[in-house]
Amino acid sequence: MKIAFRILCALLLCVLLASCATSSTTTVDYSSPVYSGVRGEQPVYTYQVLDESLRNPKGEYNIPFNENAVEVAKQTKTMRVYFMAGDRWLTDKKVDTDYIGDATLIVFPDGQTMLIDGGRPEYLPILAENLRRLGIEKLDYVMVSHWHIDHHGSITTANGILARFPVGTFIWSGIYNSNSNKNTIDNMFRKYTDMEQMVVKNGDSFYIGDVRVDIYNPPEGFAGDALAETKMNNASIAAKFTYGDFKALFCGDLYVDGEWRTIENAPEGALDADLIKANHHGRDSSNSTEWAEATTPRVVVSATIPFKSTYYHYSKVGGRVFSDYLDEYVRVVTDGYNCEVTTSQKRESDAFAAYDQLVERIYPGTF
């Protein structure tokens, strides 16, 4: 009887372990070109709304993707980008500001992780919970695009991301905000002694596994400076991530004149990208027609609802625009060739439908 009981317990344990092992891949559809390895004459871009049965149990604004992002990335050799700036949370919470900021997690094919910006301090509980739900136990890299509170707030605040997660390398421009206390920033690096500091500028490049990272802004010679509040946006880090044939571009809050300068300083064609984050929260202070034509993205994600001019500039070059406000959480996955976009809700507004039709005419049958 005891032997039979032990056998039964062992079988139950095996079932439990098996269910745990497969739970990290519940949102993976192996028929998708991204996971099946299909390579045609042109990359395949697909869009879907996350199936309700695949969502995390409903919590307050928690990320819906039910997966261990690190394990899935390694198993499928995919680069996974999670846009989770939380503007819907901000609107519902009536926080006294017009936007929460940027927060994006990149998980690389070898399982390394990078958080690019983290939104305002008020967003910290949600961001930390989202990272936990994605199976993040440590961050190999944290990149702060520029020193504005809606980009570094939840990262550097007391008991923030740096305090809650081990961080390997902190990437920044080395440029201080004149409205910030320089000693406070310097003391942050003294406090987290196990965290390396990497200061980047135009022309720098490095690898994270098989992914190449190229820096196109800020210009050389600004590290150590303290810029005025309004000039900080144009000091944003412009970072391009290249995995195989797929390129993703993140440029913080570059204004139009910063975009023009970056285009002028970059080698011809260097800014071409498949995926970009819309600059400065999709506002018309950025996202110029020249920028859209220089980057020619297929997928654009805006933290907050984009301005109509922003939407139009990208649509007319074939870029399908998504937004955390319109589409909730946005996940972009690539195998280095094909691309799959998943949003966590179906868009209810048709305000931009005419612009989406421009994209359909340029790339029929996609999205």
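Throughout, read-outs are computed from the coordinates displayed, never taken from laboratory work. Since we're looking at a predicted model, the values are computed, not measured. Cβ coordinates were reconstructed from backbone atoms using ideal geometry, including for glycine residues, and neighbour counts include every protein chain displayed.
Here the 3J(HN,Hα) profile of the stretch 221-232, calculated from phi with Karplus coefficients 6.51, -1.76 and 1.60 at θ = phi - 60°, is x, 9, 4, x, 6, 10, 8, 5, 3, 6, 8, 4 Hz, Gly and Pro shown as x. Magnitude of the charge dipole for the stretch 44-362, about its Cα centre and with charges confined to Cβ atoms of Lys, Arg (+1) and Asp, Glu (-1), is about 440 debye. Amide H contacts for Asp225 (H built 1.01 Å from N in the peptide plane; partners 5 or more residues away or on another chain; cut-off under 5 Å): Tyr176.
The convex hull defined by the C-alpha atoms of the stretch 321-367 has an orientation-averaged projected area of 3.7 nm².
Apply the a/c threshold of 1.5 to the C-alpha gyration tensor of the stretch 109-245 and tell me whether it is rounded, prolate or oblate. Oblate.
Considering the dipole of the stretch 44-362 built from charges on the beta carbon (Lys and Arg +1, Asp and Glu -1) around the Cα centre, which of Ala354, Gly319, Tyr141 is farthest to its positive end? It is Tyr141.
Using a cut-off of 10 Å between beta-carbons, work out the net charge of the residues near Gly203 (Lys and Arg +1, Asp and Glu -1, Gly203 not included). Every neighbour counted, the sum reads -2.
Residue by residue, the stretch 358-364 carries 3J(HN,Hα) couplings of 4, 5, 4, 5, 7, 10, x Hz when phi is fed to the Karplus relation 6.51 cos²θ - 1.76 cosθ + 1.60 (θ = phi - 60°); x denotes Gly or Pro. Stretched out straight at 0.36 nm per residue, the stretch from Glu71 to Met198 would grow longer than its current Cα-Cα span by 43.1 nm. Projecting the Cα atoms of Gly224, Val167, Thr295 onto the dipole axis of the stretch 44-362, where Lys and Arg carry +1 and Asp and Glu carry -1 at the beta carbon, places Val167 farthest toward the positive end.
Tell me, in nm to one decimal, what length is gained between Asp245 and Lys138 on full extension, where the rule is 0.36 nm per residue of separation less the Cα-Cα distance?
Working: separation 107, 0.36 × 107 = 38.52 nm, distance 2.79 nm.
Full-extension gain reported as 35.7 nm.
For the peptides 244-252, 160-168, the ranking by packing is 244-252, 160-168, with the highest mean count of neighbouring Cβ atoms within 10 Å listed first.
Apply the Kirkwood formula to the stretch 174-303: the hydrodynamic radius equals the inverse of the mean of 1/r over all pairs of different alpha-carbon atoms; give it in Å with one decimal. Mind showing how you got there, number by number?
Numbers: mean 1/r = 0.0644 Å⁻¹.
After inverting the mean inverse Cα-Cα distance, the result is 15.5 Å.
With K and R counted +1 and D and E -1, the other residues having a Cβ less than 11 Å from that of Leu131 yield a net charge of +2. Taking a ≥ b ≥ c as the square roots of the eigenvalues of the Cα gyration tensor of the stretch 99-138, is the shape rounded (a/c under 1.5), prolate (a/b larger than b/c) or oblate? The shape class here is oblate.
Over all orientations, the chain has a Cα convex hull whose mean projected area works out to 20.4 square nanometres.
Stretch Glu264-Thr46 to full length: gain in nm at 0.36 nm per residue minus the Cα-Cα span?
Numbers: separation 218, 0.36 × 218 = 78.48 nm, distance 3.27 nm.
Value of the extension gain: 75.2 nm.
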